[in-house]
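Okay, structure first, notes after.
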Amino acid sequence: MLLLASITLGLCQYWFAVADSFNELLLCRAIQSLLYPALFTAAVTYCSKAGPQSRIASRVSLYIAITILGGYLGRLSSGFMASWLHWTVVFKVMAVALCICAILLWFANTDKPARPQHNNSGIAGLLRQPTFLAGFGLIFTTFFAFSATLNALPFRLVALDPNITAATISLVYSGYLPGIVIASNTSRLASYAGGRVRVMTIALVIFTSGLVLLYFPSVYWLMAVCFLTAGGFFLIHSTLSGYLTSLQPQQASMINGVYISVYYAAGAAGSLIPLWIYNDFGWTVFLIAISLTALIGFFSLRRLPRIYAAPS
């Protein structure tokens, strides 16, 4: 799955760069929207099973740290390439990078055939469990708000400074950097805080506070607050994904699949609905809406069992 998804995505990225109509771009994005979840589900499941079950949470956290680094470098480099060269260069470079990944995967050690776990009854049973339902609810509400923030920030920055460049906008996402360190040390943080649920509670307070602080109309202030919002969200994300997988390691593939499906559903909804609010009612109402959505996460946290995590 990793190999096929990488090759197909590489072709789609090149197609996106050379497409000459908006409808063609939409079709390309629709295909990509099917491939990315498949790739990420396969990757996180592969990582979660590549070692002893006692360290699943640590491996998943490290995987997320790598995705954060990739997300930051992708946003940063694409901003500068778009400013200095042309926006199509970004997608051509990604196409080459994905093809290189496919070559490396071709020579990688193969894993054992996976047993089918993704059936309707199994997923329904998973969703009937209060712990998993609460966990999926938490990642939906927080990523909905975080995705809305990421997608609205460029418009807000242009409104504050019409002369701002794509390269400068990309620097706003430097707030991703603390997330790399955070995601690599979630087990240690959980040990110090007294459990993963307590860590996520602290992270949700930080994240929600960051959303409120985005109110102040300053480009540099928004860049600074992004460190707070990104740090809070990535601490929730890196802790929660490993936490849920460690509860039932034998169902890691199905748990990861549902988790990523919910994650992308939240991202898609957060990329549309809040931006309509921003367009019609302005920045203040937009922030109130996403802050209230993030606060719903506290109800989910109350339903998660508190499990002490020793450092690993």
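When the alpha carbon gyration tensor of segment 178-231 is reduced to an equivalent ellipsoid, its three semi-axes come out at 25, 12, 5 angstrom, largest first. Dipole size of the chain about its Cα centre, with +1 on Lys/Arg Cβ and -1 on Asp/Glu Cβ: approximately 1080 debye, rounded to the nearest 20. For segment 163-173, backbone phi angles converted through the Karplus equation (6.51, -1.76, 1.60; θ = phi - 60°) give residue-by-residue couplings of 8, 5, 9, 4, 5, 5, 4, 5, 5, 4, 7 Hz, Gly and Pro being listed as x.
Normalised by residue number, the volume inside the convex hull of the Cα atoms of segment 153-312 is 117 Å³ per residue.
Both radii were evaluated on the Cα set of the chain; the Rg over Rh quotient, with Rh as the Kirkwood radius, amounts to 0.96.
Express the relative contact order of the chain as a whole percentage, based on alpha carbon pairs under 8 Å and six or more residues apart in sequence. Let's see the in-between values first.
On the way: 429 pairs, mean separation 90.8, N = 312.
Rounded, it is 29 percent for the chain.
Using a probe of 1.4 angstrom, how much of the accessible area of the chain is carbon and sulfur, in percent? Intermediate results must be reported in sequence, preceding the final value.
Values: 10760 of 15570 Å².
Roughly 69 percent of what the probe reaches on the chain is carbon or sulfur.
Annotation: per residue accessible area for the chain equals 50 Å², rounded to a whole number [probe 1.4 Å, protein chains only].
Here the Karplus relation 6.51 cos²θ - 1.76 cosθ + 1.60, evaluated at θ = phi - 60°, turns the backbone of segment 8-17 into coupling constants of 5, 5, x, 5, 5, 5, 5, 4, 4, 5 Hz, with x for every Gly and Pro.
Arranged from highest to lowest average of other beta-carbon atoms within 10 Å per residue, in what order do the peptides 7-13, 70-76 appear? Before the final figure, lay out each step's value.
Numbers: 7-13: 19.4, 70-76: 15.9.
Ranking the peptides 7-13, 70-76 by packing returns 7-13, 70-76.
Remark: spin-label model distance Trp221-Asn279 equals 2.7 nm, labels positioned 7 Å along the Cα→Cβ axis. Phi-derived couplings, Karplus 6.51 cos²θ - 1.76 cosθ + 1.60 at θ = phi - 60°, listed residue by residue for segment 201-216: 5, 4, 5, 5, 5, 4, 4, 5, 4, x, 4, 5, 6, 5, 5, 5 Hz, with x used for Gly and Pro.
I want the local charge near Trp283. Using Cβ-Cβ distances under 15 Å, sum +1 for each Lys or Arg and -1 for each Asp or Glu among the other residues. Don't skip to the end; give the middle numbers.
Values: positive: Arg156; negative: Asp161, Asp280.
Here the count lands on -1.
Distance from the alpha carbon centroid of segment 189-220 to that of segment 283-299 works out to 14 angstrom. Model label points for Phe299 and Thr131, set 7 angstrom from Cα along the Cα-to-Cβ axis, are 2.2 nm apart. Here Ala124 and Thr165 are evaluated by their C-beta separation; at R0 = 45 Å the FRET efficiency comes out at 0.40. Computed extension gain for Ala108 through Leu177, at 0.36 nm per residue and net of the alpha carbon distance, reaches 21.9 nm.
The values are calculated or read from the model by the stated rules, or taken from the named source; none is laboratory data. Just so it is clear, the structure is predicted and the values come from calculations on it, not from any experiment. Neighbour counts run over all protein chains shown; Cβ positions are idealised from the backbone, glycine included. Heavy atoms of the whole protein, side chains included, go into the accessibility calculation; ligands, DNA and RNA do not. Shrake-Rupley method; radii C 1.70, N 1.55, O 1.52, S 1.80 Å.
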